[in-house]
Amino acid sequence: MMVCIRKIGILLLALALNACDKPALAPKNEPYRFEVPAHFPEPVFDTENPASLAGVQLGRMLFYDTRLSANNQVSCASCHDPKLAFSDGVKLSNAGVSATALLRHSPALFNLAWVNNGLFWDGGATNLESQAFAPLTAHDEMAQDLDQLIRELNAVPEYVSGFRQAFNEPASSQNLSKALAQFQRSLVSANSKYDRYRLNVNGASLTADELKGQVLVRQKCQSCHAGELFTDQSFHNNGIDADFSNVEHEGIFQGRYRITYEPADLGNFKTPSLRNLAFTAPYMHDGRLATLAEVIQHYANGIKGSATLSTQIPKEGFGFSEQEKKQIIAFLNTLNDYSFIENPDHRKPPNF
């Protein structure tokens, strides 16, 4: 059970979003009670996709359904395992229909209700609703024909009733993406050892090394890994590379630049959260660093300088001592939320 929360009800709209295409009244449906942790900021919800209990449940079914792929063997969960904080534990996944290794590491999925500055490592998707179509249709991921998928879903009684209850409509690609987004926004992680200490739950405390590590993280890391979410939701060049001249695969190695075409964005990638790092190895946008020790070593003295290197990172690195490295890792491990990865409400629905 998440501790010290304030609850806000997200109500299903009474009127349809588009009266020309939808019935005048939306279905009566139980609202989804979204729980905002007391120390978290308020999320900004997409008012065109208000969450309902039926919508979240439908999205959960879809997330685990291999029908979403062309060969009926790949689901969203193939690359986003709840036991790994919805990451996949491999450097570059080859779980897609083509069995070809992807060019970027599969990101973890949690606290997505607070994502307000683009998704994917380069921010190429505006929101979760639009993001869903990329993996669904990508040749190396699910390679699905959306029209065929909708026909399949409308032939399954559970989906006929599920879409009707959630959206008062048959299955459609639009409502498919909305349901997936609703489920993903329900994945809140805020019950780590750090959170219990932060909220003074049952006298929770941190060790001396964990407290020293917290100070170091605040001093050296929180310009990018900011606030209680431990991410600023922005994009930075963290010195993992110095050369961004490779334009292959539509500029995928150039980071945010491939979206904005702003020279200052060369090598900039999305700042991931520092939460749940024990479950989400390997690290970086291409999974090149296998352990937290390697990550800390990179920031200590492995920085590669370039014109777009973040101004928050010294070109020579932070020069952490061996003791400081251990203290930083000790603190980072207080951010692991075991109740999140064990939450039965996040797993594949029973008897489905």
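Observations
- Restricting segment 307-341 to residues that are of a type in the set (Ser, Thr, Tyr) and not in a helix (DSSP H, G or I), the residue that is farthest from the chain's Cα centre (by Cα) is 321.
- Every condition in (1) modelled with pLDDT of 95 or more; (2) open to solvent by 40 Å² or more (accessible area, probe 1.4 Å) is met by residue 267 except one, and the failing one is (2).
- In this structure, residue 257 qualifies as open to solvent by less than 60 Å² (accessible area, probe 1.4 Å), touching a Leu at 6+ places or on another chain (Cβ under 8 Å) and either farther than 29 Å from residue 218 by Cβ or among the aliphatic types (A, V, I, L, M) (or both).
- Some residue of segment 279-294 being touching a residue at least 24 places away in the same chain (Cβ under 8 Å) and more than 18 Å from residue 105 (Cα to Cα): yes
- Test for residue 134: is it among the hydrophobic types (A, V, I, L, M, F, W, C) and part of a loop (DSSP other than H, G, I, E, B): no
- Pick from segment 191-225, criterion crowded, with 17+ Cβ neighbours inside 10 Å and small (Gly, Ala, Ser), ranking: farthest from residue 112 (Cα to Cα): 213
- Subset of segment 168-221 (residues that are free of Cβ contacts under 8 Å to residues at least 24 places away in the same chain, over 30 Å from residue 53 (Cβ atoms) and not in a helix (DSSP H, G or I)): 200, 204, 205
- The test for being farther than 30 Å from residue 61 by Cα, in contact with a Gly (Cβ under 6 Å, 6 or more places away or on another chain) and assigned to a helix (DSSP H, G or I) holds for residue 300.
Table: residues versus (1) buried (at least 23 other Cβ atoms within 10 Å of the Cβ); (2) at pLDDT below 95.
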position	(1), (2)
47	no, yes
50	no, yes
58	yes, no
64	no, no
67	no, no
70	no, no
77	no, no
81	no, no
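- The set of residues in segment 31-80 being among the small types (Gly, Ala, Ser) and in a helix (DSSP H, G or I) consists of 54, 55, 59, 77, 78.
- The residues listed here are 242, 204, 190; of these, the one that is within 25 Å of residue 340 (Cα to Cα), more than 21 Å from the chain's Cα centre (by Cα) and hydrophobic (A, V, I, L, M, F, W, C) is 204.
- Residues that are out of contact with any strand residue (DSSP E or B) (no Cβ under 6 Å at 6 or more places or on another chain), part of a helix (DSSP H, G or I) and in contact (Cβ under 8 Å) with a residue 12 or more places away in the chain are absent from segment 230-241.
- Within segment 303-316, residues that are closer than 12 Å to residue 220 by Cα reach partners that are of a type in the set (Phe, Trp, Tyr) with beta carbons closer than 8 Å, at six or more positions or on different chains, in the pairs 313/299.
- Residue 129 being charged (D, E, K, R) and either touching a Cys at 6+ places or on another chain (Cβ under 7 Å) or assigned to a loop (DSSP other than H, G, I, E, B) (or both): no
- Residue within segment 301-316 that is in contact with a Phe, Trp or Tyr (Cβ under 7 Å, 6 or more places away or on another chain) and modelled with pLDDT of 95 or more present: no
- Contacts under 6 angstrom Cβ, first residue in segment 84-105 being over 22 Å from residue 347 (Cα atoms), partner open to solvent by less than 20 Å² (accessible area, probe 1.4 Å) and among the hydroxyl-bearing types (Ser, Thr, Tyr), 6 or more apart: 97/69; 102/93
- Any hit, segment 116-123, residues being open to solvent by less than 60 Å² (accessible area, probe 1.4 Å) and at positive phi: yes
- Hey, residue 161 surrounded by fewer than 18 Cβ atoms within 10 Å (Cβ to Cβ), of a type in the set (Ser, Thr, Tyr) and either at pLDDT 95 or above or not in a helix (DSSP H, G or I) (or both) or not: yes
- Residue, nearest to residue 237 (Cα to Cα), within segment 301-348, restricted to residues that are of a type in the set (Lys, Arg) and open to solvent by 100 Å² or more (accessible area, probe 1.4 Å): 315
- Of all the listed residues (255, 203), the sole one being at pLDDT below 95 and not charged (D, E, K, R) is 203.
The values are calculated or read from the model by the stated rules, or taken from the named source; none is laboratory data. This is a predicted model, so every value here is computed, not measured. Quick reminder, even Gly has a Cβ in these numbers, built from the backbone with ideal geometry, and neighbours come from all protein chains shown. Calculation scope for accessible area: heavy atoms of the full protein, side chains included, ligands and nucleic acids excluded. Shrake-Rupley method; radii C 1.70, N 1.55, O 1.52, S 1.80 Å.
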